Amino acid sequence: MPVDEAATLLGRSPRTVRRLAAAGTIPAHRIGARTWAIDRASLDTYRHGGTAA
């Protein structure tokens, strides 16, 4: 899922979601130099207090 959609689900800014992805807190894959694709299942686990990794 795109960063903007993940940010909406988390109630955070897209910038914060990119930081979480870069830190490995939320599993994500880089697509190009500036775009992230975030794994929906891992994001759901993170949202509900589990470990996303």
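Each value in this text was obtained by applying a stated rule to the coordinates, not by laboratory testing. Only a predicted model underlies this, so the values are computations on that prediction, with no experimental measurement involved. Every residue, glycine as well, gets a Cβ built from its backbone with ideal geometry; the counts of neighbours run over all protein chains shown.
Using a cutoff of 8 angstrom between alpha carbon atoms and counting only pairs six or more residues apart, the relative contact order for the chain works out to 33 percent.
Annotation: the residues 31, 38, sorted from fewest to most other C-beta atoms within 10 Å of their own C-beta, follow the order 31, 38. Ordering 17, 3 from the fewest to the most neighbouring beta carbons within 10 Å gives 3, 17.
What residues have an amide H closer than 5 Å to that of residue 36, excluding those fewer than 5 places away on the same chain, when H is modeled at 1.01 Å from N in the peptide plane? Placed amide hydrogens put 3, 31 under 5 Å from residue 36.
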